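What follows is a short report on a single structure.
Values quoted throughout were computed directly from the atomic coordinates according to the rules given, and no laboratory measurement underlies them. Note that this is a predicted model, so its numbers are computed, not measured. Don't worry about glycine lacking a Cβ; one is built from the backbone with ideal geometry, like all the others, and counts go over all protein chains shown.
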Amino acid sequence: MSDFQLKRLGLIMEPEPGNPYEVEGTLNPAAVRGPDGQLYLFPRLVAEGNYSRIGIVRVKFNELGDPIGVERLGIALEPEADYELRPDGSGGCEDARVTFVESLKQYVMTYTALSLIGPRIALAMSKDLFHWKRIGLAAFEPYRGIDFVNVDNKDACIFPVTTPNHAGKFQLTMLHRPLFPGTLPEDKASAHLERLVDLEHESIWISQCPMPTEDVEPYQPGLFNSHQRLATPVYPWEILKIGAGAPPVLTRHGWLIVYHGVSKAHGPKQAGRDLCYSAGVMILSEEQPRIIRYRSPEPVLTPSSPEELQGTIANVVFPTGIDRRDDLGSPDRFDVYYGMADSRIGVARLDLPESLPDPV
């Protein structure tokens, strides 16, 4: 087992009875501290027909400081832009991640925009978490014949500080996971023959874009470039797919990333599904986050509770939000918020080990 382990704290949010915005699930929330010091989540709220909005809720805590529930505050984003809508009236704003970017002095949200051309990474910005300005779709320069623009892309998150690119220039940095044809877990699981991982097309990528040279308002990011393949499926629990999860958070060991991996499920199928989504941990170098210092050989959280085994999509834990508990004077404690079977939201506690485990 990994020295990093997540201890479940419980279910924190599920669909509200009678709420048409949530009839098909509440899941995959961003998590971030607001200017008031309180913790806010930005869950995906799924209405009939898989029509998704991004809500905003405030987390409630008990006397021990553990999260126990939420207070619903409304909608942060709902499909309005052309890249969030389809001609038949469907569409969606999905799976937000939110980071306070220090150099911009604003919150940056990355989310999946579900449009006519498929899922793409979209960005929005806010100074207070309640008023969001759409920035548009993330734009990418090609890299060695790889076209990041005309393929599906998901699981994007932003670093809170600028980091050096390959040339040593400090830039806005994003993790993302393009979904090239044939790389969906379902596609790979159906392959009958042993196959090698396609390193270029089945990986988490790190990309960067220049920061404005002056105080430009509103901020409009340029092309993401300085691409590098960060991580590819290695271990059995993640062999069908990996993707970034919660945004990077700095620890004394480096940048902590809680990510997801997909494998075939062991034992009987749940709801006819033979895929399993689990969570793992990476630690990236603080000075050069393109370097992986540690990666968990085993998952730190895998579906086991009824809420994780049964739901809209069975066998899923999907981390998307993380909160360092500085408010409790515990900078080595992290609460991880995650989707449970694409239906509900759970939270688990991760305590940073004294030292990084030896590489496997």
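A few points about this structure:
- Along the stretch 14-31 the Karplus relation, 6.51 cos²θ - 1.76 cosθ + 1.60 evaluated at θ = phi - 60°, assigns HN-Hα couplings of 9, x, 7, x, x, 8, x, 6, 10, 5, 10, x, 10, 7, 6, x, 6, 9 Hz to successive residues, with x for each Gly and Pro.
- Candidates 113, 167, 31: whichever shows maximal mean-square fluctuation once the chain is modelled as a Gaussian network with Cα springs under 10 Å: 167
- Ranking of 26, 312, 99 by count of other Cβ atoms within 10 Å, fewest first: 312, 99, 26
- Calculated from the alpha-carbon coordinates, the chain shows an Rg and a Dmax of 19.0, 58 Å respectively.
- Inter-label distance, nm, simple model (7 Å from Cα along the C-beta direction), residue 235/residue 71: 3.9 nm
- Of all DSSP beta bridges confined to the chain, the antiparallel ones make up roughly 95%.
- Between amide H atoms placed 1.01 Å from N, distances below 5 Å from residue 61 occur with 68, all of them 5 or more places distant or on a separate chain.
- Contour excess over end-to-end distance, with Cα ends at residue 250 and residue 264 and 0.36 nm allotted per residue: 1.9 nm
- At R0 = 41 Å, FRET efficiency that the Cβ-Cβ distance of residue 130 and residue 291 yields, to 0.05: 0.65
- Each Lys or Arg adds one and each Asp or Glu subtracts one; over the other residues with Cβ under 14 Å from the Cβ of residue 204, this totals +2.
- When the helices of the chain are scored as -39500 (n - 2.57) per DSSP H run of n ≥ 4 and the total is divided over every residue, the value at 222 nm lands at -500 deg cm²/dmol.
- Amide proton proximity set for residue 315, modelled H, under 5 Å, gap of 5+: 309, 310
- Per-pair calculated FRET efficiency, R0 = 30 Å: residue 305 and residue 58 via Cβ, rounded to 0.05: 0.75
- Listed residues 45, 113, 183: farthest to the positive end of the dipole of the chain (Cβ charges): 183
- Residues in the stretch 328-336 carry Karplus couplings, in order, of 9, x, 10, x, 9, 9, 10, 9, 10 Hz; the curve used is 6.51 cos²θ - 1.76 cosθ + 1.60 with θ = phi - 60°, and Gly or Pro positions show x.
- The packing ranking of peptides 66-78, 85-97, highest mean first, is 85-97, 66-78, where packing means the average number of other beta carbon atoms within 10 angstrom of each residue.
- Computed over the chain with a Gaussian network model linking Cα atoms closer than 10 Å, the most mobile of 198, 152, 323 is 198.
- Among 46, 98, 234, the residue with the largest mean-square fluctuation in a Gaussian network model of the chain, with springs joining Cα atoms closer than 10 Å, is 234.
- Charge dipole (the stretch 6-351, unit charges on Cβ, about Cα centre) - positive-most of 125, 165, 25: 165
- Proximal charge balance of residue 143 [Cβ under 12 Å; K/R count +1, D/E count -1]: -1
- Unit charges at the beta carbon, dipole of the stretch 6-351: most positive-side option, 15, 62, 240: 240
- Taking Cβ atoms as reference points and 13 Å as the exclusive limit, the residues near residue 324 contribute a net charge of -1, counting Lys and Arg as +1 and Asp and Glu as -1.
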